[in-house]
Amino acid sequence: MRCVILQPSYIPWRGYFHQIYKSDLFIFYDDVQYDKNGWRNRNQIKTSQGKKWLTIPVKTKGSVTKSTPIHQIPIAWDKPWNEHHWRGIQYSYKKAPYFSMYAEFIEEIYSRHPEYLAEFTIATTMEIAGLLGISQTRFQRSSEIPGITGEKTDRLIQILISVGADEYISGPSARDYLEEEKFIEAGIHLEYMQYNYPEYPQLYLPFDGNVSIIDLLFMTGPNAIKFISGDIAK
């Protein structure tokens with residue numbers, strides 16, 4: 001069984017969905033430490049003035065400490081950030097060829113009012129995966145798997161053994177810290193992703209593929225999955 005273990009992210013880029021596409025089981029790594037200024041609560045869209053950050057404000061004081069896991073990070077709702085994000089998306093993509101096809105879907109996402117960040121990002125990611133046509137992948141949260149201890153590579157391998165995985169798909173940057181010999185000892189095949197994607201039409205040049213998946217959706221519509229899976233020639 002092919003497995004991916006990846007921290008939940010906010011409307012992530014297509015490489016994230018490629019990992020979902022390639023896996024039999026995708027585990028949201030939501031019980032590890034929250035990383036401030038990472039991709040957990042923010043991402044970028046393209047605008048006529050360049051890339052723009054969309055950031056979900058979170059509460060970082062009170063009961064939240066440096067060791068608070070991702071799934072316990074609350075969203076700060078003192079300002080209507082969701083309305084601001086949706087307006088920004090509308091303004092940037094209203095002229096996109098498939099905006100009208102997905103506008104209602106995206107608007108509904110921003111009508112929600114969850115207490116915790118992971119509730120929002122995990123649900124949104126799963127629904128976008130379905131919208132892309134990814135139906136074969138199962139989803140699970142690491143926080144729901146009992147008895148997992150240790151850190152770094154040891155923790156990952158414990159999770160993989162627990163769910164019965166014999167293949168692990170990782171992002172290429174993990175080469176710098178994964179202890180590959182431990183995967184061999186556990187009988188788990190380790191594969192690194194290769195992010196070599198074809199370009200697609202964008203409203204604003206120059207092309208930049210490292211933005212949120214919603215850019216690809218609004219620009220290519222039902223063909224979006226082909227620009228992820230490689231079915232369209234590079």
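One table, with the values for the structure above:
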item: Unique match (being touching a His at 6+ places or on another chain (Cβ under 8 Å) and of a type in the set (Ser, Thr, Tyr)) among SER100, SER135, SER143, SER162; result: SER143
item: Among the candidates LEU216, LEU190, LEU203, residue that is part of a helix (DSSP H, G or I) and of a type outside the set (D, E, K, R); result: LEU216
item: Residue selected from the stretch 136-149 under the condition in a loop (DSSP other than H, G, I, E, B) and either in contact (Cβ under 8 Å) with a residue 40 or more places away in the chain or open to solvent by less than 40 Å² (accessible area, probe 1.4 Å) (or both), by the criterion farthest from ALA76 (Cα to Cα); result: GLN136
item: Pair list, Cβ < 6 Å and 6+ apart or interchain, from the stretch 161-179 residues that are charged (D, E, K, R) to residues that are part of a strand (DSSP E or B); result: GLU167/ARG2; GLU167/HIS189
item: Pick from the stretch 30-63, criterion more than 22 Å from ARG112 (Cα to Cα) and open to solvent by less than 20 Å² (accessible area, probe 1.4 Å), ranking: modelled with the lowest pLDDT; result: GLY38
item: Subset of the stretch 104-135 (residues that are closer than 22 Å to GLY88 by Cα, of a type in the set (Ser, Thr, Tyr) and in a loop (DSSP other than H, G, I, E, B)); result: TYR110, SER111
item: Tabulated pairs, the stretch 80-108, first closer than 17 Å to ILE56 by Cβ and among the hydrophobic types (A, V, I, L, M, F, W, C), second in a loop (DSSP other than H, G, I, E, B) and modelled with pLDDT of 95 or more, C-beta under 8 angstrom, 6+ apart or interchain; result: TRP81/ILE56; TRP81/PRO57; TRP86/TYR110
item: Residue selected from the stretch 64-74 under the condition polar (S, T, N, Q) and surrounded by 15 or more Cβ atoms within 10 Å (Cβ to Cβ), by the criterion farthest from LEU216 (Cα to Cα); result: THR68
item: Residue selected from the stretch 168-190 under the condition loosely packed, with under 13 Cβ neighbours inside 10 Å and closer than 23 Å to ASP30 by Cβ, by the criterion modelled with the highest pLDDT; result: PRO172
item: Test: residue in the stretch 154-167 that is open to solvent by 60 Å² or more (accessible area, probe 1.4 Å), part of a helix (DSSP H, G or I) and modelled with pLDDT under 95; result: no
item: Residues located in the stretch 81-98, provided they are touching a Phe, Trp or Tyr at 6+ places or on another chain (Cβ under 7 Å) and open to solvent by less than 30 Å² (accessible area, probe 1.4 Å); result: ASN82, HIS85, TRP86, TYR93, ALA96
item: Some residue of the stretch 116-125 being over 19 Å from TRP39 (Cα atoms) and more than 15 Å from the chain's Cα centre (by Cα); result: no
item: Of the criteria (1) surrounded by fewer than 17 Cβ atoms within 10 Å (Cβ to Cβ); (2) within 29 Å of GLN49 (Cβ to Cβ); (3) in contact with a Ser or Thr (Cβ under 7 Å, 6 or more places away or on another chain), which one PHE227 fails; result: (1)
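The values are calculated or read from the model by the stated rules, or taken from the named source; none is laboratory data. Owing to the predicted nature of the structure, the values given are computational and were not obtained by experimental measurement. Every residue, glycine as well, gets a Cβ built from its backbone with ideal geometry; the counts of neighbours run over all protein chains shown. The protein model used for the area step is the full one, side chains on, heavy atoms only, and it has no ligands, DNA or RNA in it. Shrake-Rupley method; radii C 1.70, N 1.55, O 1.52, S 1.80 Å.
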